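Structure, as structure tokens:
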Amino acid sequence: MYRIILSLLLLCTYSVTHAQQKEHRISGMADPGNGKIRLRWAPASYISWEMGNKYGYTIERFTISVNGELVDHPQSTLLTPSPLMPYTLQQMKTAADKDERIGIIAELIYGEGAEKIKPEAGIGAYFENQNQNDWRMAMALLSCDLSVNAAKSAGLFLEDNNVKKGERYAYRIALARQPVNLVVDTAVVLASLDEPMLLSPPRELAIVCADSTATLGWLTTFSRSMYSAYSVERSADGKTFKPVTDLPVLPTGPDKTGFSYYQDSLPDNDNKYIYRVRGITPFGDYGPYSKTVEGTGIPTVSDRPVMDTIIVIDNKKIQLRWLLPGDLSNQLSKIVITRSENAKGPFIPLVTLKSPVYTYTDEKPLGSNYYRIKGITKKGKALYSFPHFAQVIDTIPPAIPTGLAGKIDSTGIVFLQWDANKEKDLQGYRVFRANGLREEFIEVTRVILTSPVFTDTVTLHTLTAKVYYEVISVDKNYNTSNYSPYLMLKRPDTIAPSPPLITKAYRSDSLHGIILEWRNSSSEDIVKYTLYRINPKDSIRKEVISWDTAHSRETYTDTALQLGNTYYYELEVVDDSKNKSKEMSGDVWFEGNKRPAIKTINALLDKEKKFIQLNWQYNQPEVKQFRIFRAKNDDPFILFSTQNGSVQQWIDDEIFLGNVYKYKITAVLKGDVKTEMSKVIEVKY
């Protein structure tokens, strides 16, 4: 019913490890990112595929660490309350209207399959039947690799949204039911939102052009588990690129040097064409583009040198062997062996040999070598072989990065830099971060850095004052250095220090002052204390004393006070980031037992009018009354008159000749506080 769609795939040659492996197991992978973790899995044998289609799959999640700390006895969380099964045929028919690959899945699962043949029918027929079954499974898994919707319809995809940063998970993917007399091994996949999948561009893209064709080659050995297919794009102007095919490209399987190839038909041999390639993951995501290559078609050349064999001798020398097809051995005058560090060149001549010759040994190869044979015909025309890769196995890691330095600005932006490594085969750097030395360092770079600089962002709203960084270097063979010495950076402090605690504030009559006692702030970054006095009458805050933490102080006696006033105090602390906290005391009324006596008193005798007038001055505030005491001759002093506090004179008209009158005055202030008695003043009449 879906044979028209299926026939499109028959044009592709798909050699997948899924179909070739006979081990009964499930393989899985995860793609963490954007607050979720996507899971994809696939059976490794036809029997496993049939059992998955029949019984479905169960997925369990285990939280194995939180913020770098391992979880004791991780508990299982079942993500599939009922087994995850392929869609029904009717569901696939409906879904196929939006994604034609689901129609392919429907045909391969529910269509007319190859008849099952037992070995008794003949060994040839039996193996042919097995190959057909493996092919059906391979086509189904290919469709799932190219479409997440197809993977969902086949029961080979799950999206877990209930995940958190800082946690690492282990997912166990298994058949919902094991078949009788057969064990299908489960898949275990580790994933964390803090470690997203890093997609790398296709590497070492190279091109060889012929008559109306361009053959592209790129390294796929290191990305086979990352990408299922590729998108090959072509441009005539270097700006506008378009895919060369409607369907994703499946290049050839990698050769001995790790290269896969794809041949494109050129519109003509007159113009230059530019190509770029990017991978497509089993989740339907596109990776970054490769570097571009360009080429122009050339008219047909009957023959060209062909690299036949590359042999690495004792991991020190590289021997090249090649063929000269047709009549090339007679047509060539000389052969030039060229070498480059990458597939794009430039290719430097190593040696020129007189033709015919078929072998050459490079005594001093580089770490990575791309060899190309250049044949020069007797008429001076150059014929080139395709570049071939060879390497001396590099097991020596690059040097540990040095000079790591950095800073954090007030918004939480981290700027890191370090000394550049000097290795020629250096690929770049990776940066790791932790909030404490007892935590696990987590990688914060999404791609391998090509320059010794990195910008990161950290939160400032945390009590964790420090953040740590380490850097490693990576060479082109993915050898990694040890971690650099860690760099500790202090986050800008935006959190106020803990305030001090004023425990006592009281008047001391014996010391004629107010005593304050307190407990200092518990924060470790305090640099300064300042004590202020405030009079509620004017609310003016006056600095009393300040000191740094080199001087320990937890008490102070303030004597620069005025009697009769109420005071309270503010103790302020400042940390090394100039954040402040303060503590306020209660009100303290400052009053002594006695106020100073009235010192200025004058007496005036008016003999004609027969009275004595007393005048005095007293400038203390809030005087309620003045009390005047009088004694005549040697009699004792008695309270003779009381005057309002606003009056500072008094007339005594009860006097008689021949007597000595003695006077002294005291004032009564607010709160019935009395002054000392003034000195005695005498008047003879």
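Annotations for the structure displayed:
- Strands (runs of 3 or more DSSP E) wholly inside region 134-212 that include at least 3 residues being closer than 25 Å to Glu60 by Cα: 157-160, 167-175, 187-192
- Residue-level analysis places Asn602 outside the set of residues that are at pLDDT 90 or above and either surrounded by fewer than 11 Cβ atoms within 10 Å (Cβ to Cβ) or within 60 Å of the chain's Cα centre (by Cα) (or both).
- Qualifying positions in region 540-567 - within 23 Å of Ile495 (Cα to Cα) and not in a loop (DSSP other than H, G, I, E, B): Ser546, Trp547, Asp548
- Selection status of Trp589, under 21 Å from Lys537 (Cβ atoms), assigned to a strand (DSSP E or B) and in contact (Cβ under 8 Å) with a residue 60 or more places away in the chain: yes
- Close contacts from region 309-333, counting a first residue that is without any contact (Cβ under 8 Å) to a residue 60 or more places away in the chain and a second that is in a loop (DSSP other than H, G, I, E, B) and among the aromatic types (Phe, Trp, Tyr), with Cβ to Cβ under 7 Å and a gap of 6+ residues or different chains, come to Arg321/Tyr358.
- Some residue of region 428-435 being part of a loop (DSSP other than H, G, I, E, B) and under 22 Å from the mean Cα position of the chain (by Cα): yes
- Single residue of region 653-669 satisfying the filter (at pLDDT 90 or above and surrounded by 16 or more Cβ atoms within 10 Å (Cβ to Cβ)) that is nearest to Lys607 (Cα to Cα): Tyr661
- Residue within region 636-644 that is in contact (Cβ under 8 Å) with a residue 60 or more places away in the chain and in contact with a strand residue (DSSP E or B) (Cβ under 6 Å, 6 or more places away or on another chain) present: no
- Being free of Cβ contacts under 8 Å to residues at least 12 places away in the same chain and either surrounded by fewer than 19 Cβ atoms within 10 Å (Cβ to Cβ) or at negative phi (or both) is a property that holds for Ile348.
The rows are residues; the columns are (1) within 24 Å of Gln178 (Cα to Cα); (2) modelled with pLDDT of 90 or more.
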residue: Ile59; (1), (2): yes, yes
residue: Thr63; (1), (2): no, yes
residue: His73; (1), (2): no, no
residue: Tyr110; (1), (2): yes, no
residue: Ile123; (1), (2): no, no
residue: Arg136; (1), (2): yes, no
residue: Leu142; (1), (2): no, no
residue: Ala151; (1), (2): yes, no
residue: Ala154; (1), (2): yes, no
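- All positions within region 214-242 that are surrounded by 15 or more Cβ atoms within 10 Å (Cβ to Cβ), more than 31 Å from the chain's Cα centre (by Cα) and either basic (Lys, Arg) or not in a loop (DSSP other than H, G, I, E, B) (or both): Ala214, Thr215, Leu216, Gly217, Trp218, Val232, Glu233, Arg234, Ser235
- When the strands (runs of 3 or more DSSP E) confined to region 492-539 are screened for residues that are of a type in the set (S, T, N, Q) and under 50 Å from the mean Cα position of the chain (by Cα), those reaching at least 1 such residues are found at 501-508, 526-535.
- Residues in region 371-420 that are charged (D, E, K, R) and under 30 Å from Ile207 (Cα atoms) were compared, and the one that is surrounded by the fewest Cβ atoms within 10 Å (Cβ to Cβ) is Lys379.
- Candidate set: region 243-291, residues that are aromatic (Phe, Trp, Tyr) and not in a strand (DSSP E or B); chosen: the one nearest to Ser368 (Cα to Cα): Tyr289
- Only one of the numbered conditions (1) in a loop (DSSP other than H, G, I, E, B); (2) polar (S, T, N, Q); (3) modelled with pLDDT of 90 or more is not met by Thr338, and that is (1).
- When Val431 is tested against (1) touching a Phe, Trp or Tyr at 6+ places or on another chain (Cβ under 7 Å); (2) surrounded by fewer than 20 Cβ atoms within 10 Å (Cβ to Cβ); (3) of a type in the set (A, V, I, L, M), just one condition goes unmet, and that condition is (2).
- Within region 4-27, at least one residue is surrounded by 14 or more Cβ atoms within 10 Å (Cβ to Cβ), at pLDDT 85 or above and among the aliphatic types (A, V, I, L, M).
The values are calculated or read from the model by the stated rules, or taken from the named source; none is laboratory data. Everything numeric in this text was worked out from a predicted model, so none of it was measured. Cβ coordinates were reconstructed from backbone atoms using ideal geometry, including for glycine residues, and neighbour counts include every protein chain displayed.
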